[in-house]
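> For reference, the structure I am asking about is given below.
No value in this document is a laboratory result; all are computed from the given coordinates. Quantities reported herein were computed from a predicted structural model and do not represent experimental measurements. Neighbour counts are summed over all protein chains in view; Cβ atoms, including those assigned to glycine, are modelled from backbone coordinates with ideal geometry.
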Amino acid sequence: MEYSKRVFEHFQKPKFAGELKDADAVGEEGNIKCGDVMKMYIKVENNVIKDIRFKTYGCIAAIAASDTLCELAKGKTLEEAEKLTYADIIKEIEELPAIKIHCSVLGIAALRNAIKNYRKSN
């Protein structure tokens, strides 16, 4: 399976990997049985995602897509972040094999779950 240079950059040196200890909300998506589970941690100030981190159990594409999504979401309002799609991730990392597109879909779902959880608690 071939990946773009950008996929490898995000996989080998993810900028947003790890838990955000003082997160305002966490969202999770995935299924351990299929192999990919993603957690998104968000810190929100004045309706803007000020910090974001991820923990992903999965393949190269899952980790690269999670890191890319964090890069795209940081600094956006909650409403802007909710409008991000898997196509935005794929465009940013310059392509994913068709069999790996679900990795970016899971990341979007985890982020939306984090936003939903944030709104429930605030």
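> May I ask you to list the residues in the stretch 60-74 that are surrounded by 23 or more Cβ atoms within 10 Å (Cβ to Cβ) and more than 15 Å from Gln12 (Cα to Cα)? Show your work before the answer.
Taking the stretch 60-74 and keeping what is surrounded by 23 or more Cβ atoms within 10 Å (Cβ to Cβ), we get 61-70, 73.
Of everything in the stretch 60-74, those that are surrounded by 23 or more Cβ atoms within 10 Å (Cβ to Cβ) and more than 15 Å from Gln12 (Cα to Cα) turn out to be Leu69, Cys70, Ala73.
> Go over the candidates Ala110, Ala61 one by one and state the one that is in contact with a Gly (Cβ under 8 Å, 6 or more places away or on another chain), closer than 26 Å to Lys5 by Cα and of a type outside the set (Lys, Arg).
Values: Ala61 fails: in contact with a Gly (Cβ under 8 Å, 6 or more places away or on another chain).
Criteria check complete, one pass: Ala110.
> Hey, another quick one. Are any residues in the stretch 16-46 surrounded by fewer than 12 Cβ atoms within 10 Å (Cβ to Cβ) and closer than 12 Å to Lys74 by Cα, and if so, which ones?
Glu45
Residue-by-condition table, conditions (1) without any contact (Cβ under 8 Å) to a residue 40 or more places away in the chain; (2) aliphatic (A, V, I, L, M); (3) closer than 23 Å to Lys120 by Cβ:
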residue: Lys5; (1), (2), (3): no, no, no
residue: His10; (1), (2), (3): no, no, no
residue: Pro14; (1), (2), (3): no, no, no
residue: Ala25; (1), (2), (3): no, yes, yes
residue: Gly30; (1), (2), (3): no, no, yes
residue: Asp36; (1), (2), (3): no, no, no
residue: Val44; (1), (2), (3): no, yes, yes
residue: Leu69; (1), (2), (3): no, yes, yes
residue: Leu78; (1), (2), (3): no, yes, yes
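> OK, next. Yes or no: Leu84 within 13 Å of the chain's Cα centre (by Cα) and more than 20 Å from Glu2 (Cβ to Cβ)?
Details: within 13 Å of the chain's Cα centre (by Cα): yes; more than 20 Å from Glu2 (Cβ to Cβ): yes.
Yes, satisfied.
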